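First up is the structure itself, then whatever we jot down about it.
The values are calculated or read from the model by the stated rules, or taken from the named source; none is laboratory data. In this text, all values refer to a predicted model and were calculated from it rather than measured experimentally. Here the Cβ is made from the backbone with ideal geometry for all residues, glycine too, and neighbour counts use every protein chain on show. SASA here: full protein model, heavy atoms, side chains in, ligands and nucleic acids out. Shrake-Rupley method; radii C 1.70, N 1.55, O 1.52, S 1.80 Å.
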Amino acid sequence: MKRLWIALAILGTILGLTLLHTRSLQTFTDGLTGRLEQAQALAREEDWAQAAELTRSALESWRAQDVRLHVLLRHADTDAIYAGFQEVLALLGSQEYGEYAAANARLVCQLELLSEAEQLTLKNIL
């Protein structure tokens, strides 16, 4: 009987840590997408410098979590998002709104899909 309680305690701990991870990741990616959407609004108003600054701050937040993200997530996903940041920053420099907006939308979508993939849902389990 003691083994059963130990096993349940371990499973409960794993479940709790999983839920903490998914909530933390969702909060983190929501913050990044919020900044990227603000940057796109600024670029639409042709405030390219402020848009670039917001995007750089989002990238710095991403880099600050780099080790944790590489340990807990698929490397291909994290690398694709990092490459997306680089593409968006390059397009901000060219000040071509159409191409920038498309690249920024892809990056926001990648961040949202990353968070969604980690959620504990029936779709992700099966």
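Table for the structure above
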item: Tabulated pairs, segment 81-108, first on the phi > 0 side of the Ramachandran plot, second open to solvent by less than 40 Å² (accessible area, probe 1.4 Å) and part of a helix (DSSP H, G or I), C-beta under 6 angstrom, 6+ apart or interchain; result: 95/48
item: Test: residue in segment 31-41 that is free of Cβ contacts under 8 Å to residues at least 60 places away in the same chain and part of a loop (DSSP other than H, G, I, E, B); result: no
item: Candidate set: segment 10-28, residues that are of a type in the set (A, V, I, L, M, F, W, C) and open to solvent by 60 Å² or more (accessible area, probe 1.4 Å); chosen: the one farthest from the chain's Cα centre (by Cα); result: 10
item: Given (1) of a type outside the set (A, V, I, L, M); (2) open to solvent by less than 30 Å² (accessible area, probe 1.4 Å); (3) modelled with pLDDT of 95 or more; (4) under 18 Å from residue 111 (Cα atoms), index of the condition residue 48 fails; result: (4)
item: Residue 83, sole failed condition from (1) at pLDDT below 95; (2) within 29 Å of residue 125 (Cα to Cα); (3) small (Gly, Ala, Ser); result: (1)
item: Residues satisfying the stated conditions in segment 88-113, i.e. farther than 18 Å from residue 42 by Cβ and open to solvent by 20 Å² or more (accessible area, probe 1.4 Å); result: 106, 109, 110, 112, 113
item: So residue 56, is it open to solvent by 30 Å² or more (accessible area, probe 1.4 Å) and closer than 18 Å to residue 114 by Cα; result: no
item: Residue within segment 51-59 that is within 25 Å of residue 124 (Cα to Cα), at pLDDT 95 or above and in a helix (DSSP H, G or I) present; result: no
item: Residues within segment 114-126 that are in contact (Cβ under 8 Å) with a residue 24 or more places away in the chain and either of a type in the set (S, T, N, Q) or surrounded by fewer than 14 Cβ atoms within 10 Å (Cβ to Cβ) (or both), tallied; result: 3
